[in-house]
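Here's the structure, in structure tokens; my notes come after.
The values are calculated or read from the model by the stated rules, or taken from the named source; none is laboratory data. This structure is a prediction, so every number in the text was calculated from the model and none was measured. Note: ideal-geometry Cβ built from the backbone for every residue, glycine included; neighbour counts use all protein chains shown. Calculation scope for accessible area: heavy atoms of the full protein, side chains included, ligands and nucleic acids excluded. Shrake-Rupley method; radii C 1.70, N 1.55, O 1.52, S 1.80 Å.
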Amino acid sequence: MSRIQNAFKNGKAFISFLTGGDPDLETSEKLIYAMEKAGADLIEIGIPFSDPIAEGPVIQEANERALAAGCTTDKLFDMVARARKNTEIPLVYLTYINPIYTYGKEKFMKRCQECGIDGLIIPDLPYEEKKEIAGICQEYGIDIISLITPTSHERIAMVAREAQGFVYCVSSLGVTGVRTEIKTDISQMIDLVKKTTDIPCAVGFGIATPEQAQKMVQVADGAIVGSAIVKIIAEHGKDSEQPVYDYVKSMKEAVTKV
Amino acid sequence: MSKGRFGKYGGQYIPETLMNAVIELEEAYNKYKEDPEFKEELAALYKEYAGRPSLLYYADKMTKDLGGAKIYLKREDLNHTGSHKINNVLGQCLLAKKMGKTRVIAETGAGQHGVATATVAALLGMECEVFMGKEDTDRQALNVFRMELLGAKVHAVTSGTQTLKDAVNETMREWTKRIEDTHYVLGSVMGPFPFPTIVRDFQKIIGEEIKKQMMEAEGRLPDAVIACVGGGSNAMGAFYDFIENKEVELIGCEAAGLGVDNPKNAATIANGSVGIFHGMKSLFCQDEYGQIAPVYSISAGLDYPGIGPEHAMLHDCGRARYVPVTDDEAVEAFEYLSRTEGIIPAIESSHAVAYAMKYAKELSKDKIIVINISGRGDKDVAAIARYRGVEIYE
């Protein structure tokens with residue numbers, strides 16, 4: 001059983017995100033432990049990229065901060081390898097395809113395996129282009145996490161059939177970022193997945209408050225929060241361990257109540 | 001391999017949110033491209049509105065002055081809105097309208113594509129929003145006002161390097177926010193399939209006209225066709241119909257900024273490596289970790305870190321060759337053509353003129369070259385003055 005499946009075995013999952021190297025790699029490592037301690041079930045680590053086209057301003061700025069602070073894919077792998085010695089929490093990378101491709105697909109997956117990365121979420125690698133890395137991912141035991149969105153409609157069954165780890169349900173149109181209201185009929189999207197396969201579904205994009213997370217996990221297996229956490233990190237910088245811990249704890253409590 | 005490949009390049013590397021939109025676009029394009037009514041409407045717009053065919057002008061003074069090959073200029077600068085961009089925009093907006101879209105969005109570098117999109121949106125009664133890097137809204141202020149005059153809303157993009165690549169990022173982000181009623185009028189032969197194909201098809205009229213006009217003027221094909229390349233739409237338009245004519249040399253001129261060895265350049269073929277960005281696998285200026293490089297050129301329209309996938313393929317197979325041209329050389333060519341022929345070319349097109357000036361001298365007098373003058377240079381006059389130390393502002 002892969003570590004990713006562990007994330008969904010004790011009730012509703014809370015998935016938290018951070019941009020690797022924002023504000024620096026030491027803080028990112030501490031945040032991984034803080035998130036785990038606060039009850040996060042899976043952590044998404046963003047590989048900073050110069051042109052994150054699926055991100056809103058909050059995570060765009062985190063990418064810029066991390067790159068300016070000197071974070072590279074190699075340094076991030078090193079940090080993950082250190083963290084992996086101290087934790088068994090499932091870790092997945094959120095990365096654009098170019099950093100993988102340019103690093104060397106095989107070399108990248110090998111490093112993922114060595115450092116204990118369990119899966120990849122790649123916003124600019126849709127179903128049609130998955131073959132770019134699918135074979136090599138399988139070889140190294142790295143899950144490709146598929147995304148479905150409010151515009152996926154009839155594509156959902158096709159995507160779900162080959163989904164691994166969990167399905168990332170994008171709650172809204174547009175880019176990442178906090179939203180006051182999520183209008184999409186998430187349950188309909190999830191029903192379409194579950195009709196095809198029995199894979200966990202976690203909802204992300206726009207979730208910030210415990211109430212929103214609670215509402216989402218009434219129909220989903222987990223809630224994913226990115227921008228709201230990155231905002232806290234932007235505000236507190238190197239001292240964000242405690243506020244991130246408090247926030248994640250409140251969110252995990254909220255999803256556990258359901 | 002997925003759809004839309006040019007050799008190993010191309011593809012559809014975009015967020016899932018946009019997949020149905022590009023599939024729908026491909027279906028609509030396949031339906032309308034052979035539709036007699038659509039073709040007729042587009043042909044009428046080309047003729048009556050854009051002023052096609054554009055002239056093929058024999059540059060007699062330039063030819064005599066350089067003393068080598070005969071030089072012809074394909075006058076895309078004479079099109080309505082002043083560049084080749086209108087060819088693609090008329091096609092895409094008409095297609096979008098047929099698809100029931102009521103709103104168009106576009107990126108722009110120098111502002112030529114933005115102006116063309118704003119113009120056609122006004123003509124066809126569509127809502128229009130244009131995304132332009134903050135650095136470019138500053139250096140091409142007149143075009144910003146022009147777009148607003150045409151009824152478009154212009155967004156100055158302040159993320160990243162604040163130039164063309166960031167404008168593309170922001171337009172893609174905007175498209176994921178609002179797809180139902182919105183078409184993204186991509187301005188070059190780049191991005192996810194079917195854009196590289198659609199844009200090429202709407203631009204290939206340039207090369208088709210050159211062929212016909214050259215047969216009329218000289219009774220034979222030219223020896224070389226020379227065009228500037230950023231994303232590569234005017235070059236692809238000029239080259240495409242000649243690809244089968246192996247004896248015709250195809251030459252793309254990239255922006256080398258301060259020089260190919262200087263970090264401040266945008267010469268993708270000279271300095272780039274294979275990557276995946278903006279929806280396509282192609283060549284990009286990037287570092288070892290795949291971070292896209294902050295490129296530079298005096299020309300806002302060539303200031304782009306990638307190149308269309310079909311160009312990458314033509315480069316690989318050797319059917320076209322690509323040469324770097326510096327800011328200095330382009331500015332000299334800008335001034336030279338103005339002085340010699342009374343034609344002020346866009347600073348983008350001046351890159352092609354610059355290389356042609358060198359190359360013509362290497363060729364004998366019985367050779368013929370065609371330079372695609374992709375746009376007019378009125379928009380660049382203030383910037384060139386500043387480059388020469390004259391502080392005039394628009």
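Sort out which residues of segment B:76-125 are over 24 Å from B:T161 (Cβ atoms) and in contact with a Lys or Arg (Cβ under 6 Å, 6 or more places away or on another chain), and write them in order of number. Once the filter is applied, which keeps residues that are over 24 Å from B:T161 (Cβ atoms) and in contact with a Lys or Arg (Cβ under 6 Å, 6 or more places away or on another chain), segment B:76-125 yields B:D77, B:G82, B:L124.
Listed here are the helices (runs of 4 or more DSSP H) enclosed by segment B:1-99 that have at least 2 residues being open to solvent by 40 Å² or more (accessible area, probe 1.4 Å) and either in contact (Cβ under 8 Å) with a residue 12 or more places away in the chain or touching a Gly at 6+ places or on another chain (Cβ under 7 Å) (or both): B:60-66, B:85-98. Residues of segment B:236-259 that are in contact with a Ser or Thr (Cβ under 8 Å, 6 or more places away or on another chain) and farther than 13 Å from B:P305 by Cα: B:L258, B:G259.
Yes/no matrix, rows are residues, columns are (1) assigned to a helix (DSSP H, G or I); (2) open to solvent by 60 Å² or more (accessible area, probe 1.4 Å); (3) touching a residue at least 40 places away in the same chain (Cβ under 8 Å):
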{"position": "A:Y33", "(1), (2), (3)": "yes, yes, yes"}
{"position": "A:E44", "(1), (2), (3)": "no, no, yes"}
{"position": "A:S50", "(1), (2), (3)": "no, no, no"}
{"position": "A:I59", "(1), (2), (3)": "yes, no, yes"}
{"position": "A:N63", "(1), (2), (3)": "yes, no, yes"}
{"position": "A:A66", "(1), (2), (3)": "yes, no, yes"}
{"position": "A:K75", "(1), (2), (3)": "yes, yes, yes"}
{"position": "A:R82", "(1), (2), (3)": "yes, yes, yes"}
{"position": "A:T87", "(1), (2), (3)": "no, no, yes"}
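A count restricted to segment B:325-353 and to residues that are open to solvent by 10 Å² or more (accessible area, probe 1.4 Å) and within 16 Å of the chain's Cα centre (by Cα) stands at 1.
When A:T176 is tested against (1) modelled with pLDDT under 95; (2) within 12 Å of chain B (Cβ to nearest Cβ); (3) over 20 Å from B:A21 (Cα atoms), just one condition goes unmet, and that condition is (3). Restricted to segment A:99-167, the set of helices (runs of 4 or more DSSP H) holding at least 3 residues that are in contact with a Pro (Cβ under 8 Å, 6 or more places away or on another chain), at the interface with another protein chain (Cβ under 10 Å from one of its Cβ atoms) and within 22 Å of B:S282 (Cα to Cα) is empty.
All of (1) under 16 Å from the mean Cα position of the chain (by Cα); (2) within 14 Å of chain A (Cβ to nearest Cβ) hold for B:T197 with one exception: (2). Quick check: anything in segment B:212-221 under 30 Å from B:D138 (Cα atoms), modelled with pLDDT of 95 or more and out of contact with any Cys (no Cβ under 6 Å at 6 or more places or on another chain)? No: zero hits. For segment A:147-163, indicate whether the set of residues that are open to solvent by 20 Å² or more (accessible area, probe 1.4 Å) and hydroxyl-bearing (S, T, Y) is non-empty. Yes; the residues of segment A:147-163 include at least one that is open to solvent by 20 Å² or more (accessible area, probe 1.4 Å) and hydroxyl-bearing (S, T, Y).
Using the structure shown, decide if B:R75 is among the basic types (K, R) and either over 19 Å from B:F334 (Cα atoms) or not assigned by TED's automatic domain parsing to the domain that holds B:D380 (or both). Here the answer is no, as B:R75 does not meet what is asked.
If you go through segment B:335-377 and pick out every residue that is in contact (Cβ under 8 Å) with a residue 12 or more places away in the chain, out of contact with any Lys or Arg (no Cβ under 7 Å at 6 or more places or on another chain) and in a helix (DSSP H, G or I), you end up with 19.
Quick grid of which residues meet (1) modelled with pLDDT of 95 or more; (2) farther than 24 Å from B:N169 by Cα; (3) part of a helix (DSSP H, G or I):
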residue: A:C169; (1), (2), (3): yes, no, no
residue: A:V193; (1), (2), (3): yes, yes, yes
residue: A:A202; (1), (2), (3): yes, yes, no
residue: A:A208; (1), (2), (3): yes, yes, no
residue: A:A213; (1), (2), (3): yes, yes, yes
residue: A:A223; (1), (2), (3): yes, yes, no
residue: A:A228; (1), (2), (3): yes, no, yes
residue: A:I233; (1), (2), (3): yes, yes, yes
residue: A:H236; (1), (2), (3): yes, yes, yes
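The criterion of at least 1 residues that are over 21 Å from B:V370 (Cβ atoms) and in contact with a Leu (Cβ under 8 Å, 6 or more places away or on another chain) is met, among helices (runs of 4 or more DSSP H) falling completely within segment B:230-333, by B:268-271, B:309-317.
As a summary of the residue check, A:P48 satisfies the conditions (1) on the phi > 0 side of the Ramachandran plot; (2) in contact with a Lys or Arg (Cβ under 9 Å, 6 or more places away or on another chain) except for the one numbered (1). The residues listed here are B:V274, B:V260; of these, the one that is among the β-branched types (V, I, T), open to solvent by 30 Å² or more (accessible area, probe 1.4 Å) and modelled with pLDDT under 95 is B:V260. Those helices (runs of 4 or more DSSP H) of segment B:101-207 in which at least 2 residues are open to solvent by 20 Å² or more (accessible area, probe 1.4 Å) and closer than 18 Å to B:L25 by Cβ, considering only elements entirely within it, cover B:164-177, B:195-203. Evaluated against (1) closer than 30 Å to B:V248 by Cα; (2) within 20 Å of the chain's Cα centre (by Cα); (3) within 13 Å of another protein chain (Cβ to nearest Cβ), B:G275 falls short on exactly one condition, (2). Confirm whether A:K252 is away from chain B (no Cβ under 14 Å), part of a helix (DSSP H, G or I), at pLDDT 95 or above and open to solvent by 60 Å² or more (accessible area, probe 1.4 Å). In short, no.
Against the condition free of Cβ contacts under 8 Å to residues at least 40 places away in the same chain, surrounded by fewer than 18 Cβ atoms within 10 Å (Cβ to Cβ) and outside any strand (DSSP E or B), how does B:V381 come out, does it pass? So B:V381 passes the test.
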